[in-house]
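Please treat every number below as a calculation from the coordinates, not as lab data. Predicted, not measured: the structure shown is a model, and the values here were computed from it. For neighbour counting, all protein chains shown are included, and Cβ atoms are generated from backbone atoms with ideal geometry for every residue, glycine included.
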Amino acid sequence: MTTITATTKKNLVLVSGRAHPALAEAVAKELGTELVPAETRTFANGEIYARYGDSVRGCDAFVMQSHCAPINEWLMEQLIMVDALKRASAKRITVVAPFYPYARQDKKGRGREPISARLIADLFKAAGADRIMSVDLHAAQIQGFFDGPVDHLFAMPVLLEHFKKQLDPDTVTVVSPDMGRVRVADIWSDKLGAPLAIIHKRRDPKVPNQVSVHEIVGEVEGRVCLLVDDLIDTGRTIAKAAEALKANGATGVVVAATHAVFSDPAVEVLQSDFIDQVVVTDTLPVSADKHWDRLTVLPIAPLLARAIREVFEDGSVTSMFDGAA
Ligand code: R5P
């Protein structure tokens, strides 16, 4: 019998949308590779076009996009890029969305609402994604919305490294700014060996972006409070929490958040006298006009690059986090 035998090797291909090219370049550098050139443009009527400059046939493709504003445009671009990879015969396609779009709409809070986070997962799947990689999902259960593997990465090791150098566990209290962050804040408190406090935050479901603090559970008087959150959007959650903490005797308020969404008026709100320091990562671009002296932006590229390498080499992403899940 005559057979044809092919010895194939795997090729990692990294491509990026236009939202945050600096992050994609940094990930490529960490991986010791280069981005595959992609021609992406927007037509006069808003439609998006994408085409790859090199063959992607049979490759293990990772398509990066950071979902900052205009979020719907960048989402559509990533979907189109996935579709182009699928039609160009990529063997496996991983959507790398460091900040998962629409993650906050993960359940029906009231009747007749959408579950947009689920819709996003369905869209990625329909476009041709085999797996998703994201950092600090707003709710871990979003992993279950996608019918396929989801690599849920945690920025905590990156942020923790920064704070471990400067905070004394004997004087720090880790604070969750709302009930949704308690589990994550609890892990921070274990890692730092510091006590935990929780803020009871209320929002009027009919008024977006407004926040009020009801009460603080836990000891904050005379303590340096480390507020931990997944994202800062308008900054009001953090600003209101910081104000309440200082009013209850906190000697300092420092903030650790993964995703710097920084919609207006976040930069103004976060420069409040109640906030001593804000530390975020660059999962989303933070433009020069959104920097101020008490803001630190830590690079997320090494974490993403390591996870991409683990996935490509069939290694272990879980091993990267040592109990942070
Ligand atoms: C809420 O559940 C989130 O974790 C953030 O705390 C919130 O979305 C931040 O929004 P903003 O900065 O507009 O208060």
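Miscellaneous remarks
- For P177, the test of being within 15 Å of the ligand (Cβ to nearest atom) and touching a residue at least 60 places away in the same chain (Cβ under 8 Å) is passed.
- Subset of the stretch 178-199 (residues that are assigned to a loop (DSSP other than H, G, I, E, B) and surrounded by fewer than 18 Cβ atoms within 10 Å (Cβ to Cβ)): G193, P195
- I142 meets each of the listed conditions (1) away from the ligand (no atom under 16 Å from the Cβ); (2) in contact (Cβ under 8 Å) with a residue 12 or more places away in the chain apart from (1).
- In the stretch 207-253, the residue that is farthest from the ligand (Cβ to nearest atom) out of those that are within 23 Å of A69 (Cα to Cα) and surrounded by fewer than 12 Cβ atoms within 10 Å (Cβ to Cβ) is V207.
- Of the set (1) surrounded by fewer than 21 Cβ atoms within 10 Å (Cβ to Cβ); (2) out of contact with any helix residue (DSSP H, G or I) (no Cβ under 7 Å at 6 or more places or on another chain), all apply to C59 but (1).
- Test for A90: is it out of contact with any Gly (no Cβ under 8 Å at 6 or more places or on another chain) and hydrophobic (A, V, I, L, M, F, W, C): no
- Failed item, numbered, when L31 is tested on (1) among the hydrophobic types (A, V, I, L, M, F, W, C); (2) farther than 16 Å from I80 by Cβ; (3) out of contact with any Lys or Arg (no Cβ under 7 Å at 6 or more places or on another chain): (3)
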